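For reference, the structure discussed in these notes is given below.
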Amino acid sequence: MADGDLTLKLDDETARRLQAAADAAGRPVGDYAAGLIAEGLDGDRWQGAREALAEFDRTGESFDAETTMAEFRASVARRVASD
């Protein structure tokens, strides 16, 4: 594999889903799969969620999504209005 070639064996369902996702993205399946692998290797995209869960476990404090989104929208509206 020193030259970058890699062969993966996927079950039929995974192969079908991968092909469908690549088709929807308008990309060749090999390129699409390589992008997914690279994205997965570039870091832990769940780190923020793990930290938030640890904070909840520590404090028991949580935020309701509707309130948080309303505050976010208001903040965006204020920033847009100030520009």
> Once the other residues with Cβ under 14 Å from the Cβ of Leu53 are scored (Lys, Arg +1; Asp, Glu -1), what is the net sum?
Replying inline: -3
>> Suppose the Debye formula is applied to equal point scatterers at every Cα of the chain; what is log10 I(q)/I(0) at q = 0.14, 0.26 Å⁻¹?
In response: -0.83, -1.21
> Picking from Ala21, Ile37, Ser75, whose Cα lies most toward the positive end of the charge dipole for the chain (charges on Cβ: Lys, Arg +1; Asp, Glu -1)?
Replying inline: Ser75
> Per-residue ellipticity at 222 nm for the chain, helices alone: DSSP H runs ≥ 4 residues times -39500 (n - 2.57), over residue total, nearest 500 deg cm²/dmol?
Replying inline: -22500 deg cm²/dmol
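FYI, it's all coordinate maths here, none of it is from the lab. Model, not experiment: these values are computed from the prediction. All Cβ positions, glycine included, derive from the backbone under ideal geometry; neighbour counts span all protein chains shown.
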